[in-house]
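The values are calculated or read from the model by the stated rules, or taken from the named source; none is laboratory data. Everything numeric here is computed off the predicted structure, so don't read it as measured data. Heads up, the Cβs are rebuilt from the backbone with ideal geometry, glycines too, and the neighbour counts pull from every protein chain shown. These area figures cover heavy atoms from the full protein model, side chains too; ligands, DNA and RNA do not enter into them. Shrake-Rupley method; radii C 1.70, N 1.55, O 1.52, S 1.80 Å.
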Amino acid sequence: MDRNAFVEVMNEASGMLESGQAQEALARLTAFDNALLAAPEPQDYGWVVSYRFRSAFAAGDFAQALHIAENGPARFPADIPPATLATMYSMAVEAATSLGRAESAVTMADRCIDLRRSQGGPDEVLMAAMTACTLLGDIERHDLASRYAQLLITEGEGHDEHRAYGYYAICGAIEHGVGGHLVDMLRGGHDWLATHDNEFAREALGYLENSPTVQNTASNFPPPAEFPPPVDLLPPAGFPQPVDLLPPVDFSPLLDPAQTALLQVSDTGIAAVSGPKQPPAEQLAGGETADALLEAQRPAVAAAAYRALIDEAMSTGKPDPLIVGKSVLGLLMSLIFDNQVGEAHAVWIDEQGPTYLGVWALENGQTSVHDSIAYNLVAAFLHSLSTGDRNASNHAVDTLMGRCVNWAFDKDAQVVPAMLNTWRRHLFEIHEGEPAPEYRWELTQAEQRWGGPLPESGLYWMRPYRWVVDWV
């Protein structure tokens, strides 16, 4: 295989994906793959397989994406490292549930959990189980989702968000008439739920104490069986970590401030990925999974994933600033999109907890410029809600939004109107209506610089940058 042609095709496909041309990227990769007459290097062919999977997924061709994940490379050997493969399997769970193929979703989830268990820590295993539990519950297969709920409960000691979600999920199984055998497990968790204050624990405790279904179910079921061991159906290991290729998502159903068209990442190039030293691969994969949950409009579950990633990074004793910074950015966005703005503010100003390192990393150049701008948008939103000194809030918003707009003028002028509208809305929020001219002077200068129409819309957010160091 011509190496230069390979690099050209991969960069071309990456650019298409990042500009929203998933169908075109899939067609380009498929034509290139079909034209190969001899087996390429397994690592190189691994890139082709990975990008075909990602482009099929991004294009909504879930049948093709699932086929690739289920059957592996069809033509030539491909080296696929466990962390990358686990991420592919996790995404394949969503592809399968989107197609209504619940049994395939279970197979993909079990493969993902198998890899996470052998290569990562308990956080990765629990996150994979939570993803499967959520997606199967979304298609009303609570009978299958409850398998993963049991894993979250039995293996979630010390991981409160995950364990609480397990109890929350078995409430769903019981309510839908397929969880009678889990009533005793739910009752057995009463004291634990009563002493843990998070969203899922509160919901599960309320259901346990108030549901007629639970109150009227006799305690004569046998104890739940252990979570079945996953099936080992893995293709060969070995290929490089793919970049994040998931499509933009409109969060408008969740929260008015989250009405958005997420900014695309404009700079590409797979060759650069092998340059700077990368953070731990399993943590990068965990970040991709959390981002996928956020973009799939599951902010509560995404928040738990980001928290788990922060805890894992801190537990090493040498947390990577990139990992913690990006995790805090994702956590803040998740909480905002989940209408947990007060909690987001608490995380943002906390100078004692582990999230403080993430805020420091975001504010001190330890992440990409793209993520720094995304964080500035979040910080401007939180400043706009301050009930203190309006002058200080106005100044903070002007400073942050000025940076964002200047960046947009230079990098992606088409989003300038959305950023200006966001800036305007923040000032209206601070002043509870039209601000006096002296308070909107900097915004007016930026509007005059744009010189075009400024339609009203929801607040604008930016998609976080992919989990790879290729910007230093």
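Key figures for this structure:
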| read-out | value |
| --- | --- |
| Most to least packed among 444-455, 343-354 [average Cβ atoms within 10 Å] | 343-354, 444-455 |
| Ranked by how many other beta carbons lie within 10 Å on average, peptides 357-367, 406-416 from highest | 357-367, 406-416 |
| Relative contact order [Cα under 8 Å, 6+ residues apart], the chain, whole percent | 14 percent |
| Leading residue at positive end of dipole, the range 1-124 (Cβ point charges), from 96, 9, 80 | 96 |
| Calculated [θ] (222 nm, deg cm²/dmol) that DSSP helices of n ≥ 4 give over the chain, each run adding -39,500 (n - 2.57) | -20000 deg cm²/dmol |
| Sorted peptide list for 5-12, 433-440, criterion being average Cβ within 10 angstrom, highest first | 5-12, 433-440 |
| Whether the range 29-121 is rounded, prolate or oblate, judged on the alpha carbon gyration tensor where a/c under 1.5 counts as rounded | oblate |
| Most positive-pole-ward Cα, 156, 416, 293, against dipole of the chain from beta carbon charges | 416 |
| Share of carbon and sulfur in the accessible heavy-atom surface of the chain [1.4 Å probe, %] | 51 percent |
| Whichever aspartates and glutamates have a C-alpha closer than 14 Å to that of residue 411, once near sequence neighbours (fewer than 8 apart) are set aside | 267, 371 |
| Relative contact order of the range 376-472, pairs being alpha-carbon contacts under 8 Å that are 6 or more residues apart, as % | 31 percent |
| Accessible area of the chain divided out per residue, in Å², using a probe of 1.4 angstrom | 41 Å² |
| Net charge dipole size for the chain [Lys, Arg +1 and Asp, Glu -1 on Cβ; Debye, nearest 20] | 540 debye |
| Relative contact order [Cα under 8 Å, 6+ residues apart], the range 293-353, whole percent | 33 percent |
| Check: the range 335-458 dipole with +1 on Lys, Arg Cβ and -1 on Asp, Glu Cβ, in debye | 300 debye |
